[in-house]
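A short worksheet on the structure shown next.
The values are calculated or read from the model by the stated rules, or taken from the named source; none is laboratory data. Note that this is a predicted model, so its numbers are computed, not measured. Cβ atoms come from the backbone with ideal geometry, glycine included; neighbour counts cover every protein chain shown.
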Amino acid sequence: MARENLYQSLEVFYEKVDECPLRDRQFNFFELVYVISGTGHHTVNGNKFAYNAGDLFLITPEDCHEFDLQNTCEFMVVRFGERYVREYQWKSIDHIECLLYYASHLSGSVLANKEDKEVVASLMANLRKTKEQEMAYSEDLIRHLVNAIIVIAARNIAISRPQHIIPNADTRLLQIVDYIQEHIHQPEALKIAVIAENFGLSPTYLGSYFRKQCQESIQQYISSYRIRLIEHRLRFSDNRVHEIADEFGFADESHINKFFKRHKGMTLKGYRQTSATTSLAEA
């Protein structure tokens, strides 16, 4: 399998093609592919989805994907790596974090909201025009447009779901998941007894109900969600270990390292060093 690398922090380009120029490729970067016109199928890691104009797909590092075009298609393609995430000073890392974390759970187009589809269509049209004109400050404008698209994409997948959540889950379960996300930085609020009280349930019933609906315990879900957010702090921010510990409500570095090592087999500093080494090797 061929591997595609990204040599700049951000690449944006338009293409009009009759067949996919890259097939069975694996990337070391993130790629947003917007369908301007045309139809066909998009296959990601063996999963095949039909696409139409207005769809937006997110491909993450290590994904293997290809497009099967039914006719001539036009695309806007945005590629960015971890360096781009680190370079941009987000007011809140949660936008980009949400996009990167839930990407592995996506099926089909990122865009679900009709109004957001219209906004993205306008942003993509402006992105294409700006790229073609190459006027003064074009690079800065391109970055602002790309960032707006990223935030909208994140907004469309902002609701976290356990990986094995049953289809047509009831509203109460989704409310519980929302509560966990909202209070992930507050350990006291995530005690089973506290969550149960907030939803008028007994702790025992809450535990069995969540496991039945999601095929994992509520404690497992909370831990895995917190671990993934900590991983993103280590990879996409310069926050020190004690700052990350404070943010997630750990008493000190020792406590967060014990928690992290129990799940990942290494300390936070070890994980950050390993991630940095891997990124350099793939660059």
Wholly enclosed helices (runs of 4 or more DSSP H) of the range 135-207 bearing at least 2 residues within 18 Å of the chain's Cα centre (by Cα) and at pLDDT below 95: 138-156, 171-182
Residue in the range 245-252 that is over 21 Å from the mean Cα position of the chain (by Cα), surrounded by fewer than 16 Cβ atoms within 10 Å (Cβ to Cβ) and outside any loop (DSSP other than H, G, I, E, B) present: no
Of residues in the range 233-244 being touching a residue at least 60 places away in the same chain (Cβ under 8 Å) and touching a Lys or Arg at 6+ places or on another chain (Cβ under 8 Å), the one surrounded by the fewest Cβ atoms within 10 Å (Cβ to Cβ): 238
Residue 222 within 24 Å of the chain's Cα centre (by Cα), more than 18 Å from residue 196 (Cβ to Cβ) and assigned to a helix (DSSP H, G or I): no
Checklist (1) in a strand (DSSP E or B); (2) at pLDDT 80 or above applied to residue 48, failing item: (2)
Selection from the range 62-83 of residues that are touching a residue at least 60 places away in the same chain (Cβ under 8 Å) and under 24 Å from residue 148 (Cβ atoms): 74, 75, 76, 77, 78, 79, 80, 81, 82, 83
